[in-house]
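See structure below.
The values are calculated or read from the model by the stated rules, or taken from the named source; none is laboratory data. Not measured: the values here are computed from a predicted model. Glycine gets a Cβ as well: all are built from the backbone with ideal geometry, and neighbour counts include every protein chain shown.
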There are 2 protein chains.
Amino acid sequence: MRVKYDVDTQLLFQIGDPLDHACACTIHNRMYELANLNAVNLNVVVKKGELPAFIQSCKQLGVKGFDITMPHKSDIIPLCDEVEPFSREFSCVNHVKIRDGKLIGVGLDGLGMVMAIEDSGFPIYGSKVLMLGAGAVSGPIAAELCQRGASSVVILNRTVSKAEKITISLKKYFPTLQATAMSMTLENLCSCAPEADLVVQCTSLGMSGHQGDYEDLTFIDLLPKDACVADVIFNPERTSILARAEARGLRVLNGMGMLVNQEKAMMKFHFGVDLGPEFALEGEETLLMALVMRQLRTRRLTRKGASK
Amino acid sequence: MRVKYDVDTQLLFQIGDPLDHACACTIHNRMYELANLNAVNLNVVVKKGELPAFIQSCKQLGVKGFDITMPHKSDIIPLCDEVEPFSREFSCVNHVKIRDGKLIGVGLDGLGMVMAIEDSGFPIYGSKVLMLGAGAVSGPIAAELCQRGASSVVILNRTVSKAEKITISLKKYFPTLQATAMSMTLENLCSCAPEADLVVQCTSLGMSGHQGDYEDLTFIDLLPKDACVADVIFNPERTSILARAEARGLRVLNGMGMLVNQEKAMMKFHFGVDLGPEFALEGEETLLMALVMRQLRTRRLTRKGASK
C-alpha cells in the first residue's frame with residue numbers, strides 16, 4: 001500500500017491521444033516507488049491542438065512535468081522554453097519538466113540506447129557505427145554515439161534521402177565526423193559490414209507482430225569478431241539479426257536495455273535521482289509486467305470492440 | 001503495490017491553503033483501494049481567489065472532482081452548477097464532482113453524523129433533538145436529522161443569534177418543525193435535558209488540545225434513560241460528556257463514526273459505490289492511521305520551523 005499522499009506529492013502526466021494501450025505511467029510509477037519518491041504519474045488524453053491549454057492547466061496546478069507520445073512530439077518543441085539541442089534537431093522531445101514556470105524538453109530514446117551500449121562494456125570512443133534504418137530513433141542514437149566519440153557513422157535506409165537528412169544534421173554538431181548515407185541493399189550491407197564496430201538496428205524488421213524481416217543475413221558473418229550488434233526491438237528477445245550475431249559469438253543487445261536506461265535517464269531528468277546498477281533487474285521486471293498488462297488491456301479492448 | 005495507472009485512472013484533488021497538515025487524500029486513496037477503484041486523490045494548494053482558474057484546469061484535464069477545505073467553502077458555491085439544498089443553506093459544500101463539464105457540490109458533514117447515529121440503532125424518526133453549539137456542522141446535522149423525521153430541535157449556543165440563524169433556516173425546509181434557539185447556560189441545559197431524546201455535541205469543548213470543557217455535567221443526569229449522546233469530537237475517544245453519559249448506561253457515539261460515514265457518503269457521491277458494513281473497521285483504522293501521519297508531519301514541520 002502506498003501511504004503517502006500529502007501536499008508534497010509530485011504530480012506528473014503521460015499525455016497523448018489515444019492512450020488506451022499506453023503503459024509508460026505504470027512503469028514510471030514503479031520507478032518512483034523504487035526510488036522512494038513521493039510522486040505519481042497519470043495518463044491524460046490530450047487531443048491535437050490542445051497542448052497550449054494543457055500546459056496552462058499544468059502550470060496552474062503545479063504539475064512537475066509530463067511525458068509525450070503521439071501526436072505531440074513535434075508540436076511541443078515551439079512551446080518549450082528550453083530544448084536539449086539533439087532533441088530539437090531530430091524533433092524527438094518526449095519528456096518535459098516544468099521549473100519556475102518554464103518548460104524544459106528532452107528526448108531520451110537516443111540516450112537510453114547509448115547508456116545500454118555503455119553498460120555492455122562496448123567501447124564507443126573511436127568506433128565505426130553502422131545504423132540500419134533512418135526512423136525516429138536513428139538520429140538521436142547516432143548523435144549520442146558521436147557525442148561519446150564514435151569516429152564514423154554510416155546510415156543505410158530504403159529511402160536514402162531520410163538517411164541523408166540525419167547525416168547532414170550530425171555534421172552540424174560534429175564537423176569532423178565521417179557520416180555517410182546509403183541505400184539499404186544487400187550489397188551495401190555486405191560492403192559496410194567488415195568496417196563496422198557497432199551495428200544499431202533501428203528498423204521494425206523482425207519485430208513481433210510486424211511484417212517483414214531481413215531476407216539475407218550474410219552481412220552479419222562479415223562483421224569483425226569484436227563487433228557489437230544492438231537492436232531497438234525487444235520482442236522477440238532475439239531478432240533474426242541478433243540470433244545470427246550471437247551464434248557467431250558477437251556481443252548483442254536487444255531493445256530492453258534501451259528501455260530500462262530510458263527510465264534511468266527519466267529519473268535523472270525529472271528528479272535528479274540516480275538509480276544504481278542494482279536497479280536494472282527491477283527495471284526489466286517492471287517493463288515486462290507493464291507489457292503484459294498492455295497485452296491484456298489490448299485483448300480486452302479488442303473483445304469489447306468486437307462485441308459492439 | 002498499486003499496479004493500475006492507465007487511461008481510465010480517475011484523478012481527484014483535495015484543495016485548500018494551507019494543506020501541510022491535510023490528511024483527507026490519504027484516507028480517500030485507501031477508500032478507493034478498498035473499493036477496487038481505479039482512482040487517485042492528490043493535494044493541490046489553491047490560494048484564495050484562484051478557484052475559477054483551478055476549476056478551468058480541472059475541466060481541461062478531465063479531473064473527476066475535488067474536496068474543499070479552507071478557505072474555499074463559501075467561495076465554491078456560486079461557481080457550482082448544482083448544489084444540494086442544505087449544503088447551500090449552511091454554506092458547507094466540501095465535495096464537488098465534475099460531470100459533463102458541470103460542477104455539482106455537496107457537504108457531507110451532516111450526513112456523516114446522521115448515518116453514524118442510524119448505524120447505532122437510535123430511532124431518529126419522531127425524536128426530540130438537543131444541539132449543543134451552533135458552529136459549522138450544527139446546521140447541516142440538524143437539517144439531516146429533520147429530514148429523517150426528528151420532531152423538534154433545540155439549539156443552545158453561547159451567542160444565541162447564531163443558533164437563531166440555524167432555526168430560521170430549518171423552518172424554511174421544515175415548516176411544521178418545533179425549532180428553538182437558546183443561550184447555552186447551565187440552567188437551559190438542565191431545563192432542556194429531560195425533554196431530549198438525542199443530544200448532539202457540536203462545540204469544541206472537551207477536544208484534545210483545545211482549551212475549555214463543560215464545567216457542570218449534571219444536565220447529562222437529567223436525560224431520559226433511552227437518550228443517545230453523540231459528540232462530533234473523536235479525540236479523546238470519550239469526552240467528559242460522553243464518559244458521564246456512558247457511566248449512566250446511555251447510548252453514546254463519538255465523532256469517529258461521523259468521519260467514517262462521511263467517507264462512505266463521499267464514495268457514494270463521487271463514484272456511486274456503496275461500501276458495505278464490513279468496511280467500518282477498515283475505515284476507522286485508515287482514519288486513525290492518517291491522523292497519526294498528520295501528527296508526525298506536524299511534529300516534523302514544527303521542528304523544521306524551530307530550526308530555522
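Cβ-Cβ contacts under 6 Å between residues 6 or more apart (or on different chains), taken from a first residue in the range A:190-204 that is part of a loop (DSSP other than H, G, I, E, B) to a second residue that is of a type in the set (Val, Ile, Thr), are listed as A:Cys202/A:Val137; A:Cys202/A:Val232.
Of all the listed residues (B:Lys225, B:Lys128), the sole one being touching a residue at least 40 places away in the same chain (Cβ under 8 Å) and of a type in the set (Lys, Arg) is B:Lys128.
Checked against (1) surrounded by 15 or more Cβ atoms within 10 Å (Cβ to Cβ); (2) away from chain A (no Cβ under 13 Å); (3) closer than 17 Å to B:Ala22 by Cβ, B:Arg297 meets all criteria but (2). How many residues does the range B:263-308 hold that are out of contact with any strand residue (DSSP E or B) (no Cβ under 9 Å at 6 or more places or on another chain) and in a helix (DSSP H, G or I)? Residues that pass the stated criteria total 32.
Selection of the range B:240-262 for residues being surrounded by fewer than 16 Cβ atoms within 10 Å (Cβ to Cβ) and in a loop (DSSP other than H, G, I, E, B) yields B:Arg248, B:Gly249.
Annotation: of all residues in the range B:78-116 being β-branched (Val, Ile, Thr) and touching a strand residue (DSSP E or B) at 6+ places or on another chain (Cβ under 6 Å), the one that is farthest from B:Arg251 (Cα to Cα) is B:Ile98. Whether any residue in the range B:121-137 is among the hydroxyl-bearing types (Ser, Thr, Tyr), at pLDDT 95 or above and out of contact with any strand residue (DSSP E or B) (no Cβ under 6 Å at 6 or more places or on another chain) is what I want to check. The answer is yes, given that some residue of the range B:121-137 is among the hydroxyl-bearing types (Ser, Thr, Tyr), at pLDDT 95 or above and out of contact with any strand residue (DSSP E or B) (no Cβ under 6 Å at 6 or more places or on another chain). Checking B:Glu50, B:Glu84 one by one, the residue that is without any contact (Cβ under 8 Å) to a residue 12 or more places away in the chain, acidic (Asp, Glu) and farther than 23 Å from B:Tyr5 by Cα is B:Glu50 and no other. Taking the range A:28-111 and the strands (runs of 3 or more DSSP E) fully enclosed by it, the elements with 1 or more residues that are away from chain B (no Cβ under 13 Å) are at A:65-68, A:95-99, A:102-106. Within the option set A:Glu237, A:Glu263, A:Glu285, A:Glu278, being of a type in the set (Asp, Glu) and assigned by TED's automatic domain parsing to the domain that holds A:Glu118 holds for one residue only, A:Glu237.
Of the residues making up the range A:272-291, just one is more than 21 Å from A:Ala39 (Cα to Cα), surrounded by fewer than 11 Cβ atoms within 10 Å (Cβ to Cβ) and at pLDDT 85 or above, namely A:Leu281.
In the range A:152-177, the residues that are acidic (Asp, Glu) reach residues that are in a loop (DSSP other than H, G, I, E, B) with C-beta atoms within less than 9 angstrom, at least six apart or across chains, in these pairs: A:Glu164/A:Ala134. Do we find a residue being assigned to a helix (DSSP H, G or I) and not charged (D, E, K, R) anywhere in the range B:4-22? No, the range B:4-22 contains no residue that is assigned to a helix (DSSP H, G or I) and not charged (D, E, K, R). When the range A:115-158 is filtered for residues that are more than 16 Å from A:Ser169 (Cα to Cα) and assigned to a helix (DSSP H, G or I), the ones remaining, listed by number, are A:Met115, A:Ala116, A:Ile117, A:Glu118, A:Asp119.
Within the range B:20-57, being crowded, with 20+ Cβ neighbours inside 10 Å and within 18 Å of the chain's Cα centre (by Cα) holds for B:Ala22, B:Cys23, B:Ala24, B:Cys25, B:Thr26, B:Ile27, B:His28, B:Met31. All of A:Phe86, A:Phe66 fail the test of being more than 30 Å from A:Leu301 (Cα to Cα) and within 18 Å of the chain's Cα centre (by Cα), apart from A:Phe86. For the residues A:Pro224, A:Pro175, the requirement of being closer than 18 Å to A:Ile124 by Cα, more than 21 Å from the chain's Cα centre (by Cα) and not polar (S, T, N, Q) singles out A:Pro224.
Name the residue that is nearest to A:Ala245 (Cα to Cα), counting only residues in the range A:151-203 that are of a type in the set (Val, Ile, Thr) and surrounded by fewer than 21 Cβ atoms within 10 Å (Cβ to Cβ). Per the criteria, the residue is A:Thr185. Is it the case that B:Cys23 is at pLDDT 95 or above, touching a Leu at 6+ places or on another chain (Cβ under 9 Å) and within 11 Å of chain A (Cβ to nearest Cβ)? Answer is no for this residue.
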